[in-house]
Amino acid sequence: MKRPLIFLSGTLLLLSSLFGCAERPSAEEEEEIPASLQQASQALLTAETAMERADVQLDLDKIGSLRSLKEELPAPEALTSPRVQQELQTAIDSFYEVFEATGTSLDPIELYTLEEPLFIDTLEAPLFQEDGQELIEEFAEELGLSRTDEAMIHFYLSYLYTLNAVGILAEAGGELYEIRYSPEADSANVYDFVFKQNVEGLRPREVLALFNDQQRQAMVNAIRLLTGGTVRAEEVLPQLDEALYQRSALFHLNEAAERLGEVAPDLKAAIDELRDSVDRELIEELIRQLESWGFVIETLPADLVERILQEQ
Amino acid sequence: MYRTLQRVGQWIGWGWVLGLCGLLVTTAAAEEILPLLPHRGLRPMALGNAYEALADDLDSFNYNPAGLSHLERFTLRLTPIQARVSKDLVDETAELPDLLSDLDELSGLPEDQVVDHPAAQRLVDRIARLRRRDLALQSDFVVLSLGAPLFEVAQTPITAGVNVTNRAFSWFRFRRAGLPWRSVVLDTLDDRVQWSGALEVATIQAAVAAKRHVELPFVRTVRAGLGWRWVNRKYRNDQFEIAEALHPERFQEEHLRFGADQEVSSFQDVLDLVDENTETTRGFGVDLGLQAEHTDYLRSALVVRSLVSNVGEGRFPRTLTVGLAARPLRALNRENDLLDLQVAAALSSPAGDNHLEEFRNNSFTDYLHLGIEAVLLPRSPLRLAVRAGNNHGYPTFGLEVALAFLKAGVAYYGDLETDWWTGGVTLDF
C-alpha cells in the first residue's frame, strides 16, 4: 500500500514541477541602465525633455530625418521667447552634465587672436593646447559612453547652440535686420541674416551706428555661441554664462562629424548638411561681413580663420 | 553488527566519491572555459536533460557512459539531421513576409512620403524588438553512433561504443548598450551584437561500460562507464556595434577576413573562407558515469562530465550530476502493453555543460532537471512518445513517432539562455 502512494505522489509532484518556474529577464529588466550610466541617463532625459518643451526635438526615428535635417530646423520666430531660450539652455547644460557624469572631457577650442582685420594674415599661436585627451577617452570608454553616444551629444549640442544663437539674433532684429528662414531642401541656407534697411555704400562705422545696444550685444553673443570666438562692437563684448556655454556650435559640429565619420559615413552626411547650412552659409557669411559693419574680430577658431583665408 | 558496519562502510564510500567529485568541481583552475556543446538527442532534450539515470541507449555518450551497458545487441544509430532553431529566430522568420511586404511598400513611395508611412514605423518597431533577440541556429548532421556488448570479464559484461558528430552552429545575440535615448534609432546605434559561429567536423566519442550484479543493500546492479571525446572545432566569437555595420567597408576590414575581389564559387572556396575566419581548436574530455539499480523500477546515477579535459588553452566545464529515474507503472505492478511511463530527476552543476554562467538565475532551479515520458504501445513497431520536462527551470516538451527503425520528432527546449524548437530524424538499427 505504501509503495503506490509514494509513487503516485512522487509522480504528481514531478508533473506539477515540470512547468518552469525560472524566468528570463523581462524586456524592462534587460533595458536596465548600468549604474555607471545612471546619472548620465538622468541628465540625458532632462535634456531631451527640455528640447521637447521647447518644441525643437528631432524625431530621428523617422527614417530620413537625418537626411532631411535642413527641413527639420525650426523657424527663428519660434526661438525668440525667453521660455524657449531657457529650455535650450537647460538642454545644453544637461548634455554637458552627461559628459561630466561619464568623465568625458572636451578639447579646448583652438583660438587665434587677430590683432589686425581678418583679411590680413595675422595668425598667431593657438591660445590653448590639447592635453591628456587619450587618457580621458579611455576613462570615458570604461564608463560606457560609446562613440555614437558621444557623437550624438556633440551633434545635439551643436544644434542647440545654433538655435540659441539664431533665437538671440532674431529676437533683437527689430527694424534693422531679420533672420530669413528657408527650410526647403533646395535652398542653400536655412538661416540668412538680411538687413531690412539699405546699408550698401555705408562705411563700417556708419553701419555699426545703426545697431542699437541690444542688437550689438545680440550679434557678439551669437558669434560667441556659433564660433566660440570673440567679436567686439566698440565697447560691447560677449556677455554669456561661460560656465554654461563651454564651447560653440562649430566646435561640437566638428567633434560630431569626426566621430561619426569613424563610425557611420551615412550619418556623417547628415552632419555635413548641418555644417553646410549653419557653418558655411550662416557663420562664414556673417564673419565675412562683420568687419564691414564696424565689428572688430578679436579671436576666432583656428580652423575657421584658416579656411576663410584659404578661400580668399 | 557486521551488516551494519558494511552498510556504514558503503555510505562512507559513496560519500567519498561524491566529495571527490564535488572537490573536482569546486577547485576548477582559473583557465579559459569553453562550452562543451554536446550533441543532445530529441529524447533527453524533451526530458529536460534529466537523463543521467534514465540513459539506456546511444544517447548515453553525452549523458552517462554507464548507460551503454544496457545495450544487449549490436546497435547502430544514424541521425542524418537534427536542427535546432531559437524561438526568437522562428518568430522573426515567421514575420519575414510582413517585413518584405513593408520594404516593398516603402520602396514604391516617393521619398517625402516614406517618413510618415505606417510601414516605416513598423520597421522601427521591429528594430526595437530585435534588440532583445537571440537568433541562433544549430544543425547536427550525419551523427553516427554504434555500440555493442563485447565480452565478459569475471561475470562482468563489457559494452563499448563509438559516436561521430558533425555540427554547424551560428548565434547572434543582441544586447543594448550606452545611453537610453528616446529615439529607438539613436538608442540602437551603439547596441552590441555578439556573434558566435562554430563548425565541428568529426567530433569523436568512444565509451566503455560495465555491468555488475552486486549483493548490496538497496543496490542490485551497478553500471560504470568511461567516455572519451575528441573535439575538432573551428569557431569564431566576435562582437560589434550596430553603427559599425553602417560602414560596410570598414566593417568587412575589421570583422571579416574576406577580400573584396574574393570569389566564392566552389565548396573549396567556402572551406577556405571558414578557415580564414575561424580559429581551430582541438582537445579532449573524459566523462565518468555510474548507474545503480536499486529495484526493478528505481535507478540512480552519478556522472562527472569533463572530469579531465584540455582544449586549446582551456578546458570544458566540469559538471557533476546526480540523478534518479523510476518506472511508476512497474512500481505499482500496472505494467501493460498500452502505456509505459518513466520519470526522472537530476541535480547538476548550475551553469551546465555549455557554461551559461551569465544566464544563471541564482536560484535552486539552476540545478534542476525533471522529465516524464509516456510511450504509447511501447512494444509495438509503431510507437508514440510524449515527453515533458524542466531544464534549469525552463519548460521542455516533445513528441516522437517511431515506426520500426525510423524515428521522427520535434521538441521545445528551454535552457538558461533561450528557448529552442528542434526537430530531427533518426534511424535506429
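Along each principal axis of its Cα atoms, how long is segment A:228-278 end to end? Whole angstroms, biggest number first, please.
45, 23, 11
Counting only other chains, and only Cβ atoms inside 10 Å, what mean value do you get across the residues of B:231-244?
Other-chain Cβ atoms within 10 Å of each residue's Cβ, averaged: 2.
Considering just Cα atoms, how many Å³ per residue does the convex hull of segment B:307-352 enclose?
Spread over its residues, the Cα hull of segment B:307-352 gives 111 Å³ apiece.
Taking every eigenvalue of the Cα gyration tensor of segment B:281-429, multiplying by 5 and rooting it, what semi-axes result, largest first, whole Å?
Square roots of five times the eigenvalues give 30, 19, 17 Å.
Across the residues of B:184-193, average count of Cβ atoms on other protein chains within 10 Å? Kindly include the intermediate steps, with their values, before the conclusion.
On the way: counts 2, 8, 10, 5, 2, 11, 10, 2, 1, 0.
If you average over the peptide's residues, the count of other-chain Cβ atoms is 5.
Could you sort out which of B:Lys211/B:Lys407; B:Lys211/B:Lys234; B:Lys87/B:Lys211 sit more than 30 Å apart by Cα distance in this structure?
Details: B:Lys211/B:Lys407 28 Å; B:Lys211/B:Lys234 37 Å; B:Lys87/B:Lys211 41 Å.
Those over the limit are B:Lys211/B:Lys234; B:Lys87/B:Lys211.
Give, in whole angstrom and from largest to smallest, the semi-axes √(5λ) of the equivalent ellipsoid of segment A:155-312, with λ running over the eigenvalues of the Cα gyration tensor.
26, 17, 15
Quantify how strongly other chains surround peptide A:52-60 by giving the mean number of their Cβ atoms within 10 Å of each of its Cβ atoms.
Average neighbour count from other chains, rounded to a whole number: 2.
Using only alpha carbon pairs under 8 Å that are at least six residues apart, calculate the relative contact order of segment B:348-429 and give it in whole percent.
Answer for segment B:348-429 is 21 percent.
What helices in chain B pass both tests, a Cα length along the helix axis of 20 Å or more and a mean Kyte hydropathy of -0.5 or higher, using whole DSSP H runs?
Result, helices passing both filters: B:2-26.
Which percent of Cα pairs goes in each bin when the distances of chain B are cut into 10 angstrom slices starting at zero?
That works out to 4, 18, 29, 23, 14, 8, 3, 1, 0, 0, in percent per bin.
Which log10 I(q)/I(0) values, to two decimals, does segment B:108-218 give at q = 0.13 Å⁻¹ under the Debye formula with one point per Cα?
-0.76
Bear in mind that the values in this text are calculations on the coordinates, not laboratory data. Everything numeric here is computed off the predicted structure, so don't read it as measured data. Cβ atoms come from the backbone with ideal geometry, glycine included; neighbour counts cover every protein chain shown.
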